[in-house]
Amino acid sequence: MRRKKRFLKIWALCMVFIIGLTGCGKDFDASGYVQAVLDLTFQGEIENALGYEENASETSLMQQYQESIDQFVAANITNEIEMSETKTTQFADLVSKIFTTMRYSVKEAKKTGKKEYEVSVEIQPSDVFVSFQQALTEDSIKMTQKIKDGEYEGESEEETAQMILNDIVNHAYELLDVAYMDTQYGDKETVILHVKSDKKKEYYIDEDDMDQLIRKILRLDEIQG
């Protein structure tokens, strides 16, 4: 049997949350809007978001939040790894908890155009996913040696492969949980988010800006894919 370990990897984030909340009226609160988006993205809080979305419901916003968590897990943690629905849900629940620990503070908005604003957000980057990746690398070395030493012996190649996969998944969850419990934060830094209005008079956050904030606060750019 050719035993080949499948490694869990964290990939660069595509987009955690699709921005598209609306906000009409003469006195648009750009800072409040950004706060609502970030709180929905990281905290799963929908109350403030409802005030900026004319056609949304609590159910639709919560579904959007959950889908963003599931997409993050699939793209950044369980990529190409087959696992049970129960284990996938456990990863999603843990990531949700991790997101709630993100530290950010929305500052006063600066109007830069007729319907354009710059909103400063002060963040403290979290090391949780950096620590997780480092722990995974160390664990993979140990598991590779265990495989070479023949410590995984099932009644068939398929059973042996499943034993290895189960260990990979279980270890990954345990390591992510430890990284979460031991989270440390970096120095404060500021990210600028540009809020604009489209032709339908719907406000949105520039996707590149939002992506940059998420990358910085989670330190995803520091993780080798």
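The values are calculated or read from the model by the stated rules, or taken from the named source; none is laboratory data. Note that the structure is a prediction, hence the values are computed from the model and not measured. When we count neighbours, we look across all protein chains shown, and the Cβ atoms used for this are built from the backbone with ideal geometry, even at glycine.
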- Message: Go through (1) of a type in the set (D, E, K, R); (2) closer than 21 Å to residue 214 by Cα; (3) part of a strand (DSSP E or B) for residue 111 and report which single condition fails.
- Response: (2)
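Applying the selection to the range 123-145, what residues are exposed (fewer than 14 other Cβ atoms within 10 Å of the Cβ) and either within 26 Å of residue 94 (Cβ to Cβ) or in contact (Cβ under 8 Å) with a residue 40 or more places away in the chain (or both)? Steps first, answer last, please.
Initial filter on the range 123-145 (exposed (fewer than 14 other Cβ atoms within 10 Å of the Cβ)): 137-138, 141-142, 145.
Within the range 123-145, 137, 138, 141, 142 meet the criteria.
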- residue 77 being crowded, with 18+ Cβ neighbours inside 10 Å and at pLDDT below 85: yes
- Note on the structure: Of the listed residues (153, 174, 158), the one being part of a helix (DSSP H, G or I) and over 25 Å from residue 130 (Cα atoms) is 158
- Message: Any residue that is in contact with a His (Cβ under 7 Å, 6 or more places away or on another chain) and either of a type in the set (A, V, I, L, M) or crowded, with 18+ Cβ neighbours inside 10 Å (or both) - is there at least one of those in the range 181-189?
- Response: no
- In the range 51-61, residue farthest from residue 163 (Cα to Cα) [restricted to those that are touching a helix residue (DSSP H, G or I) at 6+ places or on another chain (Cβ under 9 Å) and surrounded by fewer than 17 Cβ atoms within 10 Å (Cβ to Cβ)]: 51
- Query: Taking the range 27-60 as the search range and keeping residues that are acidic (Asp, Glu) and within 22 Å of residue 102 (Cα to Cα), which one is nearest to the chain's Cα centre (by Cα)?
  - Reply: 39
